[in-house]
1. For the chain, take the longest principal axis of its alpha carbons; what is the angle in degrees between that and the long axis of helix 81-90, to the nearest 10 within 0 to 90?
2. Kindly provide the helix-only [θ] at 222 nm of the chain, computed as the sum of -39,500 (n - 2.57) over DSSP H runs of four or more divided by all residues, to the nearest 500 deg cm²/dmol?
3. Taking the Cα atoms of segment 130-261, what is the range of coordinates along each of the three principal axes, in descending order and whole Å?
4. Return the long-range amide H neighbours of Glu400 (sequence gap of 5 or more, or a different chain), with a cut-off of under 5 Å between placed amide H atoms.
5. In whole Hz, what ³J(HN,Hα) sequence does segment 314-321 give by Karplus (6.51, -1.76, 1.60; θ = phi - 60°), x for Gly and Pro?
6. What does the charge add up to near Gln88, with Lys and Arg as +1, Asp and Glu as -1, over the other residues with Cβ less than 13 Å from its Cβ?
7. How would you order 200-209, 75-84, 404-413 from highest to lowest mean count of nearby Cβ atoms within 10 Å?
8. Output the 0 to 90 degree angle, nearest 10, between the alpha-carbon long axis of helix 406-420 and the longest principal axis computed from the alpha carbons of the chain.
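No value in this document is a laboratory result; all are computed from the given coordinates. None of the values given here were measured: they were computed from a predicted structure. Methodologically, a virtual Cβ is constructed for each residue, glycine included, from the backbone with ideal geometry; neighbour enumeration extends over all protein chains shown.
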Amino acid sequence: MSGPRSVAVDDRGFPRFWDEDRETLDPAKRDELILDRIRHQLAYAWSELPFYRRHWEAHGFRPDEVRSLQDFTTKVPVITKKMLVADQAEHPPFGSYARELPPGGVARIHGSSGTSGTPTMYAVSKADWDRAGDVHAMAQWCAGVRPDDVVQVGFPFGLFFGGWGVVQGVERIGATLFPLGVTDSERHLRLIERLGSTVFSATPSYCIHLLSVAEKLGIDLRTSTVRHLLVGGEPGGSLPGTRAIIEQGWDAIVSDAGSTSEMYPFQTSVGCEAGTGTHLYTDEVYTEVVDGSDPNVPIPVGERGAVVYTHLWRDSQPMIRFAPGDETYLATDPCPCGRTYPRLPEGVLGRLDDMLVIRGANVFPSAVETALRSVPELGPEFRIRVQKRGALDELTVEAEADPAGDALRTRTEEALQRILGIRTGVTLLAPGTLPETTFKARRVVDER
């Protein structure tokens with residue numbers, strides 16, 4: 001079991017980095033290591049994993065064509081969740097993109113939530129699970145978790161990978177773990193107080209929901225023992241408005257640790273204490289941002305595009321150029337924390353298939369959230385309704401407020417128009433009207 005390897009020390013007397021040499025490496029040298037691992041993974045998948053060989057042959061691609069990172073982006077076809085589901089149906093239970101492991105070789109079996117009826121199954125080898133634990137520790141250390149912390153987890157524990165990555169990292173760091181999971185919100189708040197939990201981990205929506213519950217109970221979370229919030233499971237943790245509400249309400253630092261179930265158990269990215277976005281661990285999971293309409297076309301740093309992920313070390317069920325359908329943008333300018341990984345300044349902005357086209361404008365739920373969080377009188381819950389009125393699509397945003405007057409409605413409409421660029425109707429509801437978010441928020445009701 002490895003521990004932190006760093007010379008620099010933080011203000012709590014611990015090393016600043018989990019692995020200083022690795023996390024502060026010159027990006028050009030890191031890219032050389034990444035290319036070497038990419039070429040290794042391509043050769044391995046071609047010879048050992050029938051799914052990839054069939055897919056690549058169908059696109060006229062061979063691994064020896066990749067001699068640069070540019071080649072990798074422009075020549076290797078992407079894979080999608082739909083393709084993985086179809087392959088598992090034909091080659092159960094784990095698909096022909098999974099390596100045959102000997103008896104006892106699988107450390108963990110997890111799966112997607114299976115909202116379409118059949119969950120995607122993930123088999124993780126013991127070697128991959130062990131390596132992933134170190135990656136989660138490095139990520140959580142970046143977020144500010146230390147051995148003297150008490151980490152309370154509000155993610156569910158079941159088929160979904162969810163909170164298991166938090167468990168891996170906390171145990172590797174040596175902090176105290178309290179895996180409470182999904183339970184009554186009041187119980188979470190009371191146990192934070194009773195145990196003196198210093199780190200709380202859940203979705204951004206649930207952290208905001210707990211602020212509302214705490215207010216009703218007369219609890220001021222700004223005076224609690226929690227000093228770091230590790231959030232994930234949905235977009236929002238890196239959006240400035242959402243992060244500000246959580247940080248101000250809890251008086252704690254928010255770090256976004258988003259990922260996708262296909263890329264787990266490896267952590268793709270995490271926010272540092274400087275609050276500059278999420279650092280991408282590109283030497284574990286290589287992350288590209290490409291043209292949204294053609295994933296073989298690279299785009300300049302700073303432009304919005306589609307995310308593509310590649311496992312560089314996983315061999316039990318590796319994803320090679322997996323396109324989850326998420327949108328984001330990159331930044332490569334220096335971060336005050338000293339880490340030299342590229343960043344997603346606002347994390348994952350949302351899913352491309354969640355994007356609504358309203359009167360020719362592209363609208364993401366995350367953009368609606370950004371606008372609403374700029375209006376302090378509004379409650380934590382909101383809902384987006386889309387309807388067809390004649391030949392036009394109309395978007396109405398429902399939010400909670402008390403009291404709800406015309407002036408507040410007008411300011412909310414103005415905030416939405418400023419962010420979205422289109423006129424949006426607003427309906428203000430009494431607090432408690434909308435369903436409370438206890439895990440992932442479901443914000444859109446499309447009635448067209």
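1. Tilt of helix 81-90: around 60 degrees.
2. -9500 deg cm²/dmol
3. 43, 30, 27
4. Correct list: Gly379, Glu381, Leu429.
5. 5, 10, 6, 6, x, 9, 10, 6
6. That works out to -1.
7. 200-209, 75-84, 404-413
8. That works out to roughly 20 degrees.
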